[in-house]
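Trainee: Just dropping this structure here.
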Amino acid sequence: MSGKQVIATYERVLAEIQQMVEAARTSDWDHLVALERRCSHLVGSLAGKELRETLEPALQRRKAEIIRKVLAADAEIRNITEPWIQQLQQILGSAAREHRLRKAYAQGTGPRLHGPS
């Protein structure tokens, strides 16, 4: 890839992740996942295909600027999604416990309460 192609790809990554931030802000989880896949594909296209030579200083600065913006956007996405993921894990954990209890009672292995003798 030429230096300009590398920077153009980084800029596309930045555009995708900015859309991901907006999807996270609006709780559009399906769109967020689709955007994340596209972004991962772009990042994958950079792996091993970046320049073999050093970027000129202006392009190096632009690359660093883009990377900082991508990292900031990634942090914002995590700040939005992590509480939602934790809440989902709690819900799923409660559902799993309820399922195990129902199964235990259905099999007759649940706790037995004994009344006064």
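Trainee: Mind checking the range 1-70 for trypsin sites (Lys or Arg not before Pro) that DSSP puts in a loop (not H, G, I, E or B) and that have at most 14 other Cβ atoms within 10 Å?
Mentor: Lys49, Arg52
Trainee: Here's something else I'd like to know. Treating only the Cβ atoms of Lys and Arg (+1) and Asp and Glu (-1) as charged, compute the dipole magnitude of the range 1-51 about its Cα centre; round to the nearest 20 debye.
Mentor: 200 debye
Trainee: Follow-up. For an R0 of 41 angstrom, estimate the FRET efficiency from the Cβ-Cβ distance between Gln18 and Glu98 and round to the nearest 0.05.
Mentor: In this case the efficiency is close to 0.55.
Trainee: For Thr26, Thr9, what's the fewest-to-most ordering of other Cβ within 10 Å of each Cβ?
Mentor: Ascending number of Cβ neighbours within 10 Å: Thr26, Thr9.
Trainee: Test of understanding: what is the full-extension gain from Thr81 to Ser45, defined as 0.36 nm times their sequence separation minus their Cα-Cα distance?
Mentor: That pair, Thr81 and Ser45, stretches by 10.4 nm at full extension.
Trainee: Expressed as cubic angstrom per residue, what is the convex hull volume of the alpha carbon set of the range 12-79?
Mentor: Output value, Cα hull per residue: 74 Å³.
We did not get these values from a lab; they are worked out from the coordinates using the rules stated. On a predicted model such as this, the values are computed, not experimentally measured, just so you know. Glycine also receives a Cβ, built like all others from the backbone with ideal geometry; neighbour counts cover every protein chain displayed.
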